[in-house]
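A.B. asks: Before I ask anything, here is the structure I am working with.
The values are calculated or read from the model by the stated rules, or taken from the named source; none is laboratory data. Treat the numbers as computed from the prediction; the structure is a model and nothing was measured. Ideal geometry is used to build each Cβ from the backbone, glycine not excepted, and the neighbour counts take in all protein chains shown. What goes into the accessible areas is simple: the full protein's heavy atoms, side chains included, and nothing from ligands, DNA or RNA. Shrake-Rupley method; radii C 1.70, N 1.55, O 1.52, S 1.80 Å.
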Amino acid sequence: MTRDDAGATAVIRDRASGEAATVRATYVIGADGGRSFVGQQAGTGMEGETGLGYAVNVWFEADLTKYREHRPRTLFFSMQPGRDVCLDSGTFITVRAWDEWVLIVMYDPAVEQIDLGEDAMMERVRKNIGDDSVEIRIKNISQWQINHVLAETYRKGRAALEDGPMLAFVHDHEFVHQPLAHPGAVVPRVWLKQDGRRVSTIDLVGRGRVHPADRDRRGAVA
(Lines give C-alpha, C1' and ligand atoms only; values in the text may rest on other atoms or scores of the structure.)
Protein backbone atom coordinates (compact mmCIF):
# COMPACT_ATOMS: atom_id res chain seq x y z
CA MET A 1 0.00 0.00 0.00
CA THR A 2 1.27 3.46 -0.91
CA ARG A 3 -0.27 6.83 -0.05
CA ASP A 4 -0.02 10.36 -1.35
CA ASP A 5 -1.88 13.65 -0.84
CA ALA A 6 -4.65 12.64 -3.23
CA GLY A 7 -5.36 9.13 -1.99
CA ALA A 8 -3.99 5.61 -1.63
CA THR A 9 -3.02 2.75 -3.91
CA ALA A 10 -3.27 -0.81 -2.65
CA VAL A 11 -2.62 -4.26 -4.04
CA ILE A 12 -5.29 -6.75 -2.98
CA ARG A 13 -5.10 -10.50 -3.45
CA ASP A 14 -7.90 -13.05 -3.80
CA ARG A 15 -6.93 -15.78 -1.33
CA ALA A 16 -8.89 -18.43 -3.18
CA SER A 17 -7.48 -17.82 -6.67
CA GLY A 18 -4.22 -16.05 -5.78
CA GLU A 19 -4.98 -13.32 -8.32
CA ALA A 20 -3.85 -9.79 -7.45
CA ALA A 21 -5.33 -6.44 -8.46
CA THR A 22 -4.31 -2.84 -7.90
CA VAL A 23 -6.97 -0.53 -6.46
CA ARG A 24 -6.91 3.26 -6.23
CA ALA A 25 -9.02 4.86 -3.48
CA THR A 26 -9.52 8.22 -1.80
CA TYR A 27 -8.68 6.64 1.54
CA VAL A 28 -8.02 3.25 3.18
CA ILE A 29 -9.72 2.16 6.42
CA GLY A 30 -8.32 -0.67 8.53
CA ALA A 31 -11.30 -2.50 10.03
CA ASP A 32 -9.33 -5.68 10.73
CA GLY A 33 -8.68 -5.49 14.48
CA GLY A 34 -5.65 -5.05 16.70
CA ARG A 35 -3.34 -6.80 14.24
CA SER A 36 -4.60 -4.63 11.39
CA PHE A 37 -2.58 -5.18 8.22
CA VAL A 38 -3.64 -1.72 7.06
CA GLY A 39 -2.42 -0.30 10.38
CA GLN A 40 0.93 -2.05 9.97
CA GLN A 41 1.28 -0.75 6.43
CA ALA A 42 0.36 2.77 7.56
CA GLY A 43 2.66 2.63 10.59
CA THR A 44 0.01 3.53 13.18
CA GLY A 45 1.62 1.34 15.88
CA MET A 46 0.10 -0.22 19.00
CA GLU A 47 0.79 0.38 22.70
CA GLY A 48 -0.22 -1.61 25.78
CA GLU A 49 0.05 -5.16 27.12
CA THR A 50 0.27 -8.25 24.94
CA GLY A 51 0.20 -11.97 25.63
CA LEU A 52 -2.48 -11.83 28.34
CA GLY A 53 -3.98 -15.07 27.11
CA TYR A 54 -3.39 -17.65 24.38
CA ALA A 55 -5.92 -19.54 22.31
CA VAL A 56 -6.46 -21.78 19.31
CA ASN A 57 -9.47 -21.65 17.00
CA VAL A 58 -10.59 -24.96 15.51
CA TRP A 59 -13.06 -24.50 12.65
CA PHE A 60 -14.92 -27.75 12.06
CA GLU A 61 -18.07 -29.40 10.79
CA ALA A 62 -20.09 -31.81 12.96
CA ASP A 63 -23.80 -32.49 13.24
CA LEU A 64 -24.68 -31.50 16.82
CA THR A 65 -28.40 -31.02 16.19
CA LYS A 66 -29.49 -33.36 18.98
CA TYR A 67 -27.42 -31.40 21.49
CA ARG A 68 -28.04 -27.83 20.29
CA GLU A 69 -31.32 -27.53 18.43
CA HIS A 70 -33.45 -27.35 21.57
CA ARG A 71 -31.06 -24.74 23.05
CA PRO A 72 -30.46 -22.31 20.16
CA ARG A 73 -27.63 -19.94 21.02
CA THR A 74 -24.65 -18.34 19.32
CA LEU A 75 -22.12 -19.31 22.00
CA PHE A 76 -21.84 -22.47 24.10
CA PHE A 77 -19.35 -23.07 26.89
CA SER A 78 -17.97 -26.51 27.70
CA MET A 79 -16.51 -26.62 31.21
CA GLN A 80 -14.95 -29.41 33.25
CA PRO A 81 -15.68 -29.48 36.99
CA GLY A 82 -12.61 -28.89 39.13
CA ARG A 83 -10.55 -27.44 36.28
CA ASP A 84 -9.49 -23.87 35.48
CA VAL A 85 -12.41 -21.80 34.14
CA CYS A 86 -10.29 -20.53 31.23
CA LEU A 87 -8.01 -23.49 30.63
CA ASP A 88 -9.13 -27.06 29.98
CA SER A 89 -12.45 -25.80 28.63
CA GLY A 90 -13.85 -24.76 25.28
CA THR A 91 -16.14 -22.17 23.73
CA PHE A 92 -18.27 -23.20 20.76
CA ILE A 93 -19.17 -20.47 18.27
CA THR A 94 -22.10 -21.33 16.02
CA VAL A 95 -21.12 -20.73 12.40
CA ARG A 96 -24.08 -22.56 10.88
CA ALA A 97 -26.86 -24.19 12.86
CA TRP A 98 -26.23 -26.98 13.80
CA ASP A 99 -23.37 -28.48 11.86
CA GLU A 100 -20.58 -25.91 11.56
CA TRP A 101 -18.61 -24.46 14.48
CA VAL A 102 -15.49 -22.82 15.78
CA LEU A 103 -14.10 -24.23 19.04
CA ILE A 104 -11.91 -21.81 21.02
CA VAL A 105 -9.36 -23.60 23.20
CA MET A 106 -7.44 -21.53 25.76
CA TYR A 107 -4.00 -22.66 26.91
CA ASP A 108 -1.00 -21.47 28.94
CA PRO A 109 2.32 -21.70 27.06
CA ALA A 110 4.14 -21.72 30.41
CA VAL A 111 2.40 -25.01 31.24
CA GLU A 112 2.07 -26.73 27.88
CA GLN A 113 3.38 -26.53 24.34
CA ILE A 114 0.13 -27.05 22.52
CA ASP A 115 0.06 -29.51 19.64
CA LEU A 116 -1.56 -27.84 16.62
CA GLY A 117 -1.69 -31.04 14.61
CA GLU A 118 -5.08 -32.13 13.28
CA ASP A 119 -5.11 -35.36 15.34
CA ALA A 120 -4.43 -33.48 18.58
CA MET A 121 -7.10 -30.87 17.82
CA MET A 122 -9.54 -33.58 16.82
CA GLU A 123 -9.09 -35.14 20.26
CA ARG A 124 -9.80 -31.79 21.94
CA VAL A 125 -12.93 -31.27 19.85
CA ARG A 126 -14.21 -34.76 20.72
CA LYS A 127 -13.46 -34.18 24.40
CA ASN A 128 -15.49 -30.96 24.41
CA ILE A 129 -18.39 -32.51 22.49
CA GLY A 130 -18.40 -35.56 24.75
CA ASP A 131 -19.69 -38.00 22.12
CA ASP A 132 -17.18 -40.16 20.26
CA SER A 133 -19.80 -41.25 17.72
CA VAL A 134 -20.08 -37.76 16.18
CA GLU A 135 -18.33 -37.43 12.81
CA ILE A 136 -16.00 -34.43 12.69
CA ARG A 137 -14.26 -32.71 9.78
CA ILE A 138 -11.71 -30.04 10.70
CA LYS A 139 -11.54 -27.18 8.19
CA ASN A 140 -8.90 -24.92 9.72
CA ILE A 141 -6.72 -24.45 12.83
CA SER A 142 -5.32 -21.05 13.84
CA GLN A 143 -3.66 -19.45 16.88
CA TRP A 144 -4.31 -16.06 18.46
CA GLN A 145 -3.62 -14.22 21.70
CA ILE A 146 -5.39 -11.74 23.98
CA ASN A 147 -3.87 -8.27 23.98
CA HIS A 148 -4.82 -5.10 25.85
CA VAL A 149 -3.59 -2.55 23.32
CA LEU A 150 -4.61 0.74 21.76
CA ALA A 151 -3.44 2.34 18.54
CA GLU A 152 -0.81 5.04 19.01
CA THR A 153 -2.62 7.01 16.31
CA TYR A 154 -5.82 6.34 14.42
CA ARG A 155 -4.75 7.94 11.19
CA LYS A 156 -1.73 8.40 8.99
CA GLY A 157 -2.56 10.60 6.04
CA ARG A 158 -5.08 8.79 3.87
CA ALA A 159 -5.14 5.67 6.08
CA ALA A 160 -7.36 5.39 9.17
CA LEU A 161 -8.38 2.70 11.67
CA GLU A 162 -12.09 1.97 12.07
CA ASP A 163 -11.90 1.48 15.84
CA GLY A 164 -11.12 5.11 16.68
CA PRO A 165 -13.84 7.33 18.17
CA MET A 166 -14.91 10.39 16.15
CA LEU A 167 -17.10 13.41 16.77
CA ALA A 168 -19.24 13.23 19.92
CA PHE A 169 -19.04 9.66 21.22
CA VAL A 170 -20.65 7.78 24.09
CA HIS A 171 -19.60 4.65 25.99
CA ASP A 172 -22.42 2.13 25.80
CA HIS A 173 -22.29 0.21 29.07
CA GLU A 174 -24.40 -2.57 27.58
CA PHE A 175 -21.33 -3.53 25.59
CA VAL A 176 -18.64 -3.24 28.28
CA HIS A 177 -16.38 -6.29 28.17
CA GLN A 178 -14.19 -7.41 31.06
CA PRO A 179 -11.83 -10.16 29.84
CA LEU A 180 -11.36 -13.17 32.11
CA ALA A 181 -7.65 -13.30 31.32
CA HIS A 182 -7.01 -9.80 32.66
CA PRO A 183 -9.28 -8.99 35.66
CA GLY A 184 -9.97 -5.29 36.01
CA ALA A 185 -9.33 -4.52 32.34
CA VAL A 186 -12.49 -3.04 30.90
CA VAL A 187 -12.82 -2.52 27.16
CA PRO A 188 -15.86 -0.30 26.46
CA ARG A 189 -17.61 -0.44 23.14
CA VAL A 190 -17.55 3.03 21.63
CA TRP A 191 -20.47 4.19 19.53
CA LEU A 192 -20.48 7.37 17.51
CA LYS A 193 -23.38 9.75 17.93
CA GLN A 194 -24.38 12.09 15.13
CA ASP A 195 -27.71 13.97 15.08
CA GLY A 196 -29.06 11.66 17.79
CA ARG A 197 -28.26 8.52 15.77
CA ARG A 198 -25.63 5.84 16.28
CA VAL A 199 -23.38 5.61 13.26
CA SER A 200 -20.07 3.98 12.42
CA THR A 201 -16.79 5.53 11.39
CA ILE A 202 -17.07 3.93 7.97
CA ASP A 203 -20.57 5.37 7.52
CA LEU A 204 -19.37 8.90 8.26
CA VAL A 205 -16.25 8.70 6.12
CA GLY A 206 -18.02 6.88 3.30
CA ARG A 207 -20.61 9.64 3.05
CA GLY A 208 -17.86 12.25 2.91
CA ARG A 209 -18.97 13.91 6.16
CA VAL A 210 -15.64 13.36 7.92
CA HIS A 211 -12.28 12.80 6.27
CA PRO A 212 -9.86 10.32 7.88
CA ALA A 213 -7.10 12.91 7.73
CA ASP A 214 -9.14 15.16 10.05
CA ARG A 215 -8.76 12.80 13.02
CA ASP A 216 -6.19 13.45 15.71
CA ARG A 217 -4.16 10.99 17.86
CA ARG A 218 -7.19 9.49 19.63
CA GLY A 219 -9.49 9.78 16.66
CA ALA A 220 -11.38 12.97 17.50
CA VAL A 221 -11.98 15.51 14.76
CA ALA A 222 -9.14 18.05 14.71
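A.B. asks: Can you pull the accessible area of VAL149 for me, 1.4 Å probe, Å² to the nearest 10?
C.D. replies: The accessible area of VAL149 comes to roughly 50 Å².
A.B. asks: Sticking with this structure for a sec: For ASN140 and ASP119, calculate 0.36 nm times their separation in residues minus their Cα-Cα distance, and state this gained length in nm to one decimal. Before the final figure, lay out the partial values.
C.D. replies: On the way: separation 21, 0.36 × 21 = 7.56 nm, distance 1.24 nm.
Answer, rounded to one decimal: 6.3 nm.
A.B. asks: Leaving ligands and nucleic acids out of the surface, order ILE114, ILE141 by accessible area at 1.4 Å, largest first.
C.D. replies: Working: ILE114 25, ILE141 50 Å².
From most accessible down to least: ILE141, ILE114.
A.B. asks: In addition: Quick check: convex hull over the Cα atoms of the range 23-143, volume per residue in Å³, rounded to an integer? Write out the running numbers ahead of the final one.
C.D. replies: Numbers: hull volume 20.2 nm³, N = 121.
It is 167 Å³ per residue.
A.B. asks: Once you put a point 7 Å from the Cα of ARG71 and another 7 Å from the Cα of THR2, both along the Cβ direction, what distance in nm separates them?
C.D. replies: 5.6
A.B. asks: Follow-up question, since we're still on this one. Summarise the accessible area of the range 36-146 (1.4 Å probe, protein heavy atoms) by the percent that is carbon and sulfur.
C.D. replies: Details: 3180 of 6570 Å².
Heavy-atom surface of the range 36-146 belonging to carbon and sulfur, 1.4 Å probe: 48 percent.
A.B. asks: Mind listing the long-range amide H neighbours of GLY53? Cut-off is under 5 Å, sequence gap 5 or more, other chains count too, H placed in the peptide plane at 1.01 Å from N.
C.D. replies: Residues meeting the amide H criterion: ILE146.
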